[in-house]
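Everything on this sheet refers to the single structure shown next.
The values are calculated or read from the model by the stated rules, or taken from the named source; none is laboratory data. Owing to the predicted nature of the structure, the values given are computational and were not obtained by experimental measurement. Ligands, DNA and RNA are excluded from the accessible area calculation, which covers all protein heavy atoms including side chains. Shrake-Rupley method; radii C 1.70, N 1.55, O 1.52, S 1.80 Å.
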Amino acid sequence: MKSLITKPPRVNLLNALLLAILLLSFTDQTMGQLCASTFVGSVLQLMPCRPAVAAFAAEPPNEPCCTALKVLGQPCLCMLINGPPIAGLDRSLAMQLPAKCAANFDPCSIASP
């Protein structure tokens, strides 16, 4: 009589390596760093910057905006700039935030459509 218990599938080294390469391809291309926040979490953290990146009536970034930007970090800003469209967000203004806030960030590479 055959046993009804099946052995779990074996994960070989090649499959594990391919998975690791796939996961690394999703990192932000800016210095290979990952954003520690989710897309939605990053948007919420940068809410103080909304007036500074408004599409039609942008204001200079205020102190709460610059503090939030520096805490969030460059990989998360780049994720937002290259992510799905956000209503009312001018991406070119968002790219200027690090300079306007004196944040020492490398420029974000723009993902091609």
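Points worth noting:
- Working from Cα pairs under 8 Å separated by at least six residues, relative contact order for region 30-113 is 35 percent.
- Per residue, the accessible area of region 55-113 comes to 59 Å², computed with a 1.4 Å probe over protein heavy atoms only.
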